Amino acid sequence: MHKAITSNLPAPSVPLNWAVTAPTDGQILYTAHLSIGEDGQFSDGTIEEQTRRTMENIKFSVEAAGGTMADITQCLIYLVDAADAPGMNSVYAEYFEGVLPNRATVVVAAILVPEAKVEIVAYAHIADNP
């Protein structure tokens, strides 16, 4: 299980930890997702809808690798509009309990899929299953 590292920095006001450590056994999962439906088509909608679909895709990938959302140690979030951060944050926070992943959120000019409002890259440390 990973743990949050505390320092002299104040607690973040958004759902993240400044630093997270993980044990060295197991595997590291690298995954990146957009709001793609199970039919393989882009699923347009509000920032909340796109974030939920994206987070569900991340959850599917982590679980398929034998892990859970609690195994995610870092996320990189790309938004095309800074005004979407509160809506993204509200949905993102629903997917984590306890130690939150370290996170960076950046605003970009565009995502390769023109209708995309958000893209999320996640790194997970998944311990070996006996």
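The values are calculated or read from the model by the stated rules, or taken from the named source; none is laboratory data. Treat the numbers as computed from the prediction; the structure is a model and nothing was measured. We place every Cβ from the backbone using ideal geometry, glycine too, and count neighbours over all the protein chains shown.
Annotations for the structure displayed:
- Residues located in the range 58-106, provided they are assigned to a strand (DSSP E or B) and either among the hydroxyl-bearing types (Ser, Thr, Tyr) or over 14 Å from residue 120 (Cβ atoms) (or both): 73, 78, 105
- When the range 96-130 is filtered for residues that are hydroxyl-bearing (Ser, Thr, Tyr), within 19 Å of residue 63 (Cα to Cα) and out of contact with any Pro (no Cβ under 9 Å at 6 or more places or on another chain), nothing remains.
- Any hit, the range 6-15, residues being in contact with a Phe, Trp or Tyr (Cβ under 7 Å, 6 or more places away or on another chain), of a type in the set (A, V, I, L, M) and at pLDDT 80 or above: no
- Residue within the range 75-93 that is at positive phi and not polar (S, T, N, Q) present: no
- Restricting attention to the range 16-53 and to residues that are among the hydroxyl-bearing types (Ser, Thr, Tyr) and assigned to a loop (DSSP other than H, G, I, E, B), the residue that is modelled with the highest pLDDT turns out to be 46.
- Selection status of residue 87, over 18 Å from residue 30 (Cβ atoms), among the small types (Gly, Ala, Ser) and under 16 Å from the mean Cα position of the chain (by Cα): yes
- Residue satisfying all of: in the range 54-112; out of contact with any strand residue (DSSP E or B) (no Cβ under 8 Å at 6 or more places or on another chain) and β-branched (Val, Ile, Thr); modelled with the lowest pLDDT among these: 68
- Flag for residue 49 being in contact with a helix residue (DSSP H, G or I) (Cβ under 9 Å, 6 or more places away or on another chain) and within 18 Å of residue 122 (Cβ to Cβ): no
- Failed criterion for residue 112 (all others in (1) touching a residue at least 12 places away in the same chain (Cβ under 8 Å); (2) part of a loop (DSSP other than H, G, I, E, B); (3) surrounded by fewer than 17 Cβ atoms within 10 Å (Cβ to Cβ); (4) not charged (D, E, K, R) hold): (1)
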